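Asks: Just dropping this structure here.
Rule-based calculations on the coordinates, nothing more; no lab input. Remember, it's a predicted structure, so these values are computed and weren't measured experimentally. Counting neighbours? That spans all protein chains shown, and the Cβs are built from the backbone with ideal geometry, glycine included.
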Amino acid sequence: MVQKLRYIIFLKDILILALTTIGGPHSHFPLILAKLVRYRKYLTEEELLELNALCQVLPGPASTQTIIAIGYKLGGAGLAYLTLLVWVLPSMIIMTLAAIGMSYFADKNLAIPFTKFLEPMAVGFVAYAAWIICSKVVQTKLGIVLLIISSVIGYFFRSPYLTPIMILGGGLLTTHKYKYLPDDKVNISKVKWGNFILFVGVFVATFTIGIITKSIPIKLFESFYRNGALIFGGGQVLIPLIHTEYVTLKHYLTSEEFLTGYALVSAIPGPVFAISSYIGALSMREYGLGGEILGSVLSTAGIFLPGTFLIFFVYTMWNELKKNRFLKAALEGINAVSSGLVVGVAIFLFDNMAFNNVNLLLTVGTFVALLSEKIPSIAIIAIGMCLGYLF
């Protein structure tokens, strides 16, 4: 009974975080530290730092995986899945309702005045994300070179399949630095392969079924599952992939709709990966309200499940895996290429935005406001929506 009560309190704490944490992993971490470690003492600061490091190494949404890992540590897989649901559900609902609202206005051929200035502001958000991620993870000359090359490639070549190849290639290019790192012997015994088999099996099954049936719901799930399985660096790195796939190639939504969604997900609490709910709903709008809800659910499940399976698989071996110097060395290249892709998409979005003094002022103003760290992102978006409505 005491244990169940502790689990309920933990899930309530996760819900509070889901309703109050705005921004990416860099802003989620201090709130997780304050709420779950220093206040509730579910784990030590050292344990949280180690979990956060593990999730930075794995593909998928880093802050989500950290929270899931804490749930897994406290109560096993059952509590971890409930943790994922409580953490994701609020932002999923908000973004799904936003997508349904966008569809309604588009069907009625009505203007949405309060979104008028969100596109240039969203470009400012992407530029800020590029600045933050580059300043934090690119520290060497080789990293800078990889950043520049991947920025150029990311700008000129728009393919959802090129990005994971570039990320893995960047990791391989820096593995030679392993010899400069401590040689800690890794001893992994009695590996539990169940969740890794599940991770691979779901990907192969949905990819195969999607090719055979050409079903849009299945292909939606497969697409987001693929992205969730191969993206290192959090929601900011996901943005160029889904923009390329759903706007540039598949034309499921317009660039304005996409940037409006990105601006909204940057301003609401919860994981940035919740933009998948918005994209999924708009991708299925031709099937009516039921289709939009189905698209949202499948896309959300697709983007979050691979990271969940991976954290379950790796967590039990983490004490040994964190010693692997090849993995540590590869992370430099992975981070540099991921950063370059964000820079590339920021330039691409700016270049494709209608260029005028107002848009330029809004983009630069948003970037500077975020850089100051004195104005919450939700306040920035609210100001932009009010200006759009007034003018």
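Asks: Can you tell me the order of 361-374, 330-343 when each peptide is scored by its average per-residue count of other Cβ atoms within 10 angstrom, highest first?
Replies: Packing proxy ranking, top to bottom: 330-343, 361-374.
Asks: Related question: Report, in listed order, any pair from Lys192/Lys328; Lys12/Lys73; Lys4/Lys73; Lys177/Lys328; Lys12/Lys192 with a Cα-Cα distance greater than 21 Å. Can you show the working numbers first?
Replies: Working: Lys192/Lys328 23 Å; Lys12/Lys73 17 Å; Lys4/Lys73 15 Å; Lys177/Lys328 9 Å; Lys12/Lys192 31 Å.
Among Lys192/Lys328; Lys12/Lys73; Lys4/Lys73; Lys177/Lys328; Lys12/Lys192, the Cα-Cα distance tops 21 Å for Lys192/Lys328; Lys12/Lys192.
Asks: Fewest Cβ neighbours within 10 Å first, please rank Val123, Val204 accordingly.
Replies: Arranged by neighbour count, lowest to highest, Val123, Val204 become Val204, Val123.
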